[in-house]
Ligand SMILES: *Cc1c(COP(=O)(O)O)cnc(C)c1O
C-alpha cells in the first residue's frame, strides 16, 4: 500500500525539517512515530478544514490538540488579534486586556478568586504545583497513570499523551530525587489512592488530576471517583489541583470539575482559552494565590505572560462561546460517535470501543470498558495506524497516535461528517484487516 498522503511538498519539507529539528519536529507526537510514515505539513486552516502544503484538504479532528474550539482561523478571533497586533506585540507591563480576559474567565469560573496568566499548560501546572508545595510545606504530589500535565521534570512520571505515545512514560534527564517526589496511581482506582494516602499522606502537597482524562485517549471518571479524590486529599491536608487545560471551556463555558464532584483548590486552564495563541492560566482560592510573589514568597514570572495578542484571542473566543456553541459541539460529537459505532458494527471491527464527552472522543481498538491507562494501552496500535492512514488518505486528519483524544470543533456541521464518512468507513475496514 502506498499512502497518498503526505504529498510531495510535505515530503520535501519533512526532509528539511529532519535536518533542522531533533526528530524533525518541535513536539514529539507531530512526528507520526506512533503511526508510521511521515507527517503532513499544513499551510492553512479554515473552519472545520486544514489545507496541507500540497493544497489537499482534510477535516480537522485534532484542532491543535483542542485549542481550536471554534475551528480554524475564526474571523472574530483573527480580527481581535490583528487589532491588538497593530497596538504593539508585548510591553512587559500591565495592560487592560489582561484584566478583561481574567474578568471574563472569572465570570465563568467563580473558583478563580485570583489567577495568573502564563504561556503554556506546562507552566501553569508547574507553577500551581510549586504553589501547592509552598502552601503545604510538603514536597510530594500525586498524579494518575496516563495523566498528562505538561513536560516539567516532576510530572513526566507514567505520563500520557506524547510520552505514552512514544513509550517514554518516564523521561530520562529527570533526577531520581525529583522523580521520587511524584507518586503515581491508576486512574479510577479509589482503593489505590486511599492506600497511597495511608502510607504517604503527611508528605503529599497536592493531587493533580484531569477531571476527565484526555491524554490516554478519552477516559471519563467513574461515578464517585472524583468525590473520593477530594475527600482523601482534603482529609490528609493535601490540595486538589484540577488540570482543566483540555476540559476547561471545551465541554461548557467554564470548568467541569465541580459538576463531577471534584472540589479543587487550584485549577489550570490552557488550550481553548488562548484560541491558538500561547495562553494558559492557573488560579483558585485567594488565600493560596496570595502566597505568590510579589505579595508572598512563592516565585513565578514570565516575560510574555498576559501577552496582548494572546489576551485578545482569548477574549474573542470567550465572547463567541454561547449555549448554541456547546449545543453544536454536542451535536457533532454525538453524530460522529454514532457514525463510527454504526460503521464499526457493520464492518465487524472487533475490538472497537468509543468513549465520548461532548466534542471529545476516545477511539480505542480495544475491548471496552477503558477505565485506566492499562486498559487504554491495550488498544491495538497497528489497527489504529491503519485506521489513521486510510482516513488521512481520504482527507480526514485524526490524532497521529492511538493514545490521544479526537477533538471536534464548533465549525463542524453534519454535512462535513457526511463528506468524511466514506473515508472513515474505509479506514475502519482497513483497521479490521489482519494484514495491511
Ligand atoms: C496539553 C496539556 C498540558 C500542557 O500544556 P502545554 O501548553 O502543551 O504545555 C497540561 N495538562 C493537560 C491536561 C494538557 O492536556
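A short reminder: the numbers here are calculations on the coordinates, not readings from a lab. Not measured: the values here are computed from a predicted model. Cβ placement follows ideal geometry from the backbone for every residue including glycine, while neighbour counts extend to all protein chains displayed.
In this structure, residue 290 and residue 99 have a Cβ-Cβ separation that, at R0 = 22 Å, corresponds to a calculated FRET efficiency of about 0.80. Where in the range 221-265 does the label zone of residue 378 land, with the point 7 angstrom along Cα→C-beta and an amide N cut-off under 17 Å? Correct set: 222.
Put a dot 7 Å past the Cα of residue 90, heading toward its Cβ, do the same for residue 51, and the two dots end up 3.0 nm apart.
Can you tell me how much longer the chain between residue 342 and residue 227 gets when fully stretched, taken as 0.36 nm per residue apart minus their C-alpha distance, in nm with one decimal? This chain segment gains 38.0 nm when fully extended. Averaged over residues, the count of other Cβ atoms within 10 Å places the peptides 19-27, 174-182, 344-352, 274-282 in the sequence 274-282, 344-352, 174-182, 19-27, highest first. Label point of residue 26 set 7 angstrom out along Cα-Cβ; within the range 41-70, amide nitrogens under 14 Å from it belong to 42-43.
Please compute the contact order of the range 75-320 in relative form: average sequence separation of alpha-carbon pairs under 8 Å and at least six residues apart, divided by the residue count, as a percent.
Once normalised by length, the contact order is 30 percent.
Working note: Debye formula, equal point scatterers on the alpha-carbon atoms of the chain, no solvent; log10 I(q)/I(0) at q = 0.06, 0.11 Å⁻¹ is -0.24, -0.84.
When only alpha carbons are used to place a centre, the range 77-117 and the range 14-46 end up 32 Å from one another. Scaled against the 2.2 N^0.38 Å expected of a compact globular protein of N residues, the Cα radius of gyration of the range 299-395 reads 1.50.
Relative to the current alpha-carbon distance between residue 18 and residue 153, full extension at 0.36 nm per residue lengthens the span by 46.0 nm.
Taking 0.36 nm per residue of separation and subtracting the current Cα-Cα distance, fully stretching the chain between residue 78 and residue 171 would add 29.8 nm.
Using the Cα coordinates of the range 75-320, the gyration tensor eigenvalues translate into equivalent-ellipsoid semi-axes of 30, 19, 18 Å, sorted from longest to shortest.
Given a Förster distance of 35 Å, report the FRET efficiency between residue 434 and residue 9 from their Cβ-Cβ distance, rounded to the nearest 0.05. Computed FRET efficiency for residue 434 and residue 9 comes out at 0.55. Here the sum of -39500 (n - 2.57) over DSSP H runs of 4 or more residues, divided by the residues of the chain, equals -11500 deg cm²/dmol at 222 nm, to the nearest 500.
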